[in-house]
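I have placed the structure first, in the form of structure tokens, so that the comments after it can refer back to it.
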Amino acid sequence: MSLGHWAETGSGAGSGGAKEKSKLALFIIAALLPFLVAGSATPREQNYLSPSEIVVSADGSKLYVLCERGEMVLVMDALSGEVKGRVAVGRMPRGIALSPDGCTLYVTNSWDDTLSVIDTPKLAVTSTWPTGFEPWGVQPDRSGAFIYVANRLSNSISVINAVSGVENRRLRAGRGVSFLALSADGRRIYATHVFPNFSTNRAVPESEITVIDTERQMVADRISLRNVAGIFHLAISRDGNFGVAAHLRPKNLIPLAHVEHGWAFGDGFTFFGPVIGNVQVPIDELERYFTMPYGAAILPDGSHIYLSDAGSDTVTVIDTPRLLGYAKKQKKSFANDLSTSAHYTTTQIEVGSNPRGIALSPNGSRLYVANRLDDSITVIDTESNRVKATFDLGGVRIETPLRHGERLFNSTRFAFQGQFGCANCHIDGTFDGMTWDLEPDGFGKDIVDNRNIEDLRGTEPFKWNGGNPDLATECGPRTEKFFFRSQGYSAQELADLVKFIESLPARPNRYRQPDGELTPAQERGKAIFFRTVDRNGKPIPEANQCAFCHSGPKYTNRTKVNVGSGRLTDRSPTLDVPHLVNVWMTAPYMHDGAARSLEEIWTIYNPNDTHGVSNDLTKDELNDLIEYLRTL
Amino acid sequence: MHQENALPSDVLRDGRILFEAGYPLGTGETPELYTVYPDGSGVEAYRCDHARFRYGGRQISSGDIVFSHGYSLARFTSASAKEVAVATPRGEYTGDILETADGAWLVSWRGGSSSVFELRLWTPESGGLDKLFAEAGTNLVQPSLVTARSTLNHFPSGLHEWPTANLLMLNSYTSKYSFAKGSIKTVRGYAQTADGGRRFLGTSPVEKDGSFFVQVKGDAPVQFELLDATNRVLQKQKGWFWARRGEQRVCVGCHAGPEHSPENAVPATLERTVIPADFTGTK
């Protein structure tokens, strides 16, 4: 626990004498002075910088560090770590890339749905262009004429003219597409996505690496990644012979009865390309897990692969020739073999909290790691694979309860053998698009869809059976006993974690008009949502009207009801009424994730009008209803 | 399982208890290392390479388990499914192996049966055993370091209030034994009788994917055998399986080894029914 946290909560302890306490008090006052001067004893959360991505200038002299919470780009001296400049960007920036000539920096602003264009010599934003919903990764093509932007919530990639800012094309990609990488010859851009592609209920998660032909600006291939859900950064070797994509292998289809032996998640990467084909490589061991692999980089000579492990606060180093040798000898998949990583792992390097983006210096001698929840950059000497320096970005040094809670949320150290954490299933504080078989209910019973955790305050109780009255119950004893299977959070940790989860806001709704007015279709859908009689004028019982259960500010009356959607394998057909905030983005739907779309809720899973009256609605009317629900 | 033969030797950092018992479990005489959760659930061999005479396991600061193996020392490391030899002088090692603050191993050793046990220090650098303490005519065994120990994590038991245990097999074909594809058709269960014999409990179909789901009596030894379409026994379990009352246990395979993480697929047996076959012996 940090000094700042201790100071703010007044908990913790220490048995030091009055002199030590007095010194401590002076130190605390000094630490808090900037905030006291600013008129508040509580530091504002936005004072944290939260560096999440890095790019290095072509000559290796500068680092451009994208600060997610700071909503800015810091320019740093790559050798000394001195901050040379900063430029403000939009809300919740997520992706950063340099133009081929190094004169322009592109930053995606995920909550504004825009792309900031920054003149690097002047360090000034020169243009701001629209993108799809929630832009993340950004990658110029080799000529610099077009910029590719991964739109996470549009499941698409925008191809934007680098001069005019006009979107030239939009390409369909995997669900939650977020990361892009350009091949060395410039002919291909590869894209990965964080949610599994839409599929049938309880099917094996399927993902893809979308391969784009940059000359034709078309999708050239979709490399299938079976049983993978949650693919993060990818990197392509300079010789074009192979690529790596950091990934998770969830075990959502088997009962989560225990955690040992990689029972909840496998951490690793997809190793693909002409020299190897398509191989899933684990990085875990039998009793140690290197969790949430996120960033990826390959040395210029291709000899080593680097992955940042965002949950275990490590960087994993892979020896490529050893990996190639091992993988080529295997006659079958070794993705589930926890004893294989010793054949190709060089080492793991401890870094700061929640390491995300990583970048190599042009000659490959240095690896820079963005420690998102430490406001620092770790510099690793790739010759020795040791930490050479840690650059402090100058963010807030004390740890507020919210920051503490965020660190706990992203840490995997609480689960048995450190295998997984909250962020595994609630990717970036949301959901994972999958259903799970949780053991407390019995094997194969009460299969549950994983729900979005944004804007939860006022939606209690939790769990699909409404069994947990508050977040402290949800995240405390239940999580410890049936998820982590190991000692969970202390009372203080739990309080901070809950505070952080409660602080997660709903992201901007993309379907509401800026003026708050509804479109004609949305108005028609609203009328259906609030209707009290059916098409024939027959009154709809109050309890079967949409707006009865889905009422209040979050569209839930916080009760449990039986809408006829229960399965024979459910212990009870009575289910918690879910809130509908940003419901458009959280497919699949219903408690067991059976409905792949909003429409299927009524066209397939409501045959007897027990989940509202919908069978009298035409296709157009259902579309209108969906249009309205998208605004909630 | 002969519980009187289970000797705990350490509490691991992940909360499990490391113990020594005969292999195969419940029948064998060869000492082997096992783990169990503090509530008695999850009993399994630490590794499934089952070499000869492993005893006295202790966890050291690196997380490795070090132990005596015949007339030398060996270790288990997280990255490997098999034991790793430690270059130590041949002799008899007894009692716990302790790690000192500077990383040396403190052992009780003697060169032969005519000698007495002495306290020796081993380091990877020296490779040999440096004499620390010896007393003529006295066997010095079971040294103990006077040092602070960190508080171990508590274990949140997930046992249910049931007299029985549920056992789900994901894929019988995932095994150190070799089975022809599609050859396993049924599984039989047996309880252990008071005289050490076997009592038939029941038969359950094994699905095409190798999965089966049974309910057994808790806190009682049970044994399985896999059969083909002609009821020929393809493989009989060598030892005994043991689950606690209220335990829900899932196995990756039949003697798969802890290095095998489960394949992510809905077990066919759960597609058929979520009610386990009754192997409790009460009907």
ask   = Which value in nm describes the separation of the simple spin-label points at residue B:100 and residue A:470, placed 7 Å from the Cα toward the beta carbon?
value = 5.3
inquiry  = Tell me the mean residue ellipticity at 222 nm calculated for chain A from its helices only (DSSP H runs of n ≥ 4, each -39500 (n - 2.57), averaged over every residue, nearest 500).
reply    = -4500 deg cm²/dmol
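Going through region A:369-434, which GluC sites (Glu not before Pro) have at most 14 other Cβ atoms within 10 Å and a DSSP loop state?
The qualifying sites are A:383.
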message = How would region B:218-283 be classified by its alpha-carbon gyration tensor: rounded, prolate or oblate, with rounded meaning a/c under 1.5 and the a/b versus b/c comparison settling the rest?
response = rounded
ask   = So what's the convex hull volume per residue for the Cα atoms of region B:1-134, in Å³?
value = 115
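Charges only on Cβ, +1 for Lys and Arg, -1 for Asp and Glu: so what's the dipole of region A:337-480 about the Cα centre, in debye to the nearest 20?
Taking the Cα centre of region A:337-480 as origin, the dipole is about 500 debye.
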task = Filter the chymotrypsin sites (Phe, Trp or Tyr not before Pro) in region A:249-299 to those in DSSP coil with at most 14 other Cβ atoms within 10 Å of their Cβ, and list the result.
result = none
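Report the gain in length on full extension from residue A:608 to residue A:61: 0.36 nm times residue separation, minus Cα-Cα distance, nm rounded to one decimal. Each step should come with its number before you reach the end.
Details: separation 547, 0.36 × 547 = 196.92 nm, distance 6.71 nm.
So the chain would gain 190.2 nm between residue A:608 and residue A:61.
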query = With a sphere of radius 15 Å drawn around the Cβ of residue A:561, what net charge do the other residues whose Cβ falls strictly inside it have (Lys, Arg +1; Asp, Glu -1)?
reply = -1
ask   = Around residue A:475, with a cut-off of 13 angstrom between Cβ atoms, what is the net charge of the other residues, counting Lys and Arg +1 and Asp and Glu -1?
value = -3
key: trypsin sites (Lys or Arg not before Pro) restricted to DSSP loop in region A:309-340 with at most 15 other C-beta within 10 Å   = A:331, A:332
task = Please list, or write none, the lysines whose alpha carbon is within less than 25 Å of the alpha carbon of residue B:283, excluding same-chain residues fewer than 8 places away.
result = A:445, B:185, B:217, B:236
request  = Report the one residue of A:191, A:117, A:129 whose Cα lies farthest in the direction of the positive end of the charge dipole of region A:49-204 (charges on C-beta: Lys and Arg +1, Asp and Glu -1; origin at the Cα centre).
outcome  = A:191
task = Just list whichever of A:251/A:331; A:329/A:388; A:526/A:619; A:481/B:176; B:82/B:176 have alpha carbons separated by over 25 Å in the model shown.
result = A:329/A:388; A:481/B:176
query = Which of the listed residues, A:294, A:351, A:340, is farthest toward the dipole's positive end in region A:238-351, when Lys, Arg count +1 and Asp, Glu count -1 at the beta-carbon?
reply = A:340
ask   = Could you give the distance between the Cα centres of region A:543-572 and region B:233-283, to the whole Å?
value = 36
key: Amide H contacts under 5 Å for residue A:78, placed H, 5+ residues apart   = A:62, A:63
query = Regarding region A:389-492, what is the average projected area of its C-alpha convex hull, in nm²?
reply = 8.6
task = Rounding to the nearest 20 debye, state how big the charge dipole of the protein assembly as shown is about its Cα centre with +1 on each Lys and Arg Cβ and -1 on each Asp and Glu Cβ.
result = 1100
Beta bridges per DSSP with both ends in chain B, % antiparallel, nearest 5 = 90
request  = Note down the net charge around residue A:240, summing +1 for each Lys or Arg and -1 for each Asp or Glu among other residues with Cβ under 13 Å from its Cβ.
outcome  = +2
key: Set of aspartates and glutamates near residue B:238 by C-alpha distance (under 12 Å), chain-local residues within fewer than 8 positions excluded   = B:225
key: Under 20 Å from residue A:499, Cα to Cα: lysines that are on another chain or at least 8 residues apart   = A:463, A:554
ask   = Any idea what the relative contact order of region B:170-246 is, in percent, if you count C-alpha pairs under 8 Å spaced at least 6 apart?
value = 31
Stokes-Einstein D (µm²/s) once Rh is taken as the Kirkwood radius of region B:104-187 over alpha-carbon pairs, at 37 °C in 0.692 mPa s = 172
key: Given chain B, longest segment not containing exposed loop GluC sites (Glu not before Pro) (DSSP; at most 15 other Cβ within 10 Å)   = B:162-283
Region B:52-129 - charge dipole about Cα centre, Lys and Arg +1 at Cβ, Asp and Glu -1, debye rounded to 20 = 320
ask   = Of A:585, A:498, A:471, which is farthest along the charge dipole of region A:470-596 in the positive direction, counting Lys and Arg as +1 and Asp and Glu as -1 at C-beta?
value = A:585
task = Please pull out the direction-averaged projected area of chain A, using the convex hull of its alpha-carbon atoms, in nm² to one decimal place.
result = 29.5
remark   = From DSSP H assignment alone, runs of 4+ in chain B each adding -39500 (n - 2.57), the sum over residues rounded to the nearest 500 puts [θ] at 222 nm at -500 deg cm²/dmol
remark   = The distance between the Cα centres of region B:1-44 and region A:391-465, in whole Å, is 34
ask   = Does region B:1-63 come out rounded, prolate or oblate, given a ≥ b ≥ c as the square roots of the eigenvalues of its C-alpha gyration tensor, rounded meaning a/c under 1.5 and, failing that, prolate meaning a/b above b/c?
value = oblate
request  = Taking every pair of Cα atoms in region B:48-117, average 1/r, invert it to obtain the Kirkwood radius, and report Rg/Rh to two decimals.
outcome  = 0.96
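Taken together, the values in this text are just the output of simple stated rules run on the coordinates, not laboratory data. Nothing here was measured: the structure is a model prediction, and the numbers come from that model. As a convention, Cβ positions derive from the backbone with ideal geometry for all residues, glycine included, and neighbour counts pool all protein chains shown.
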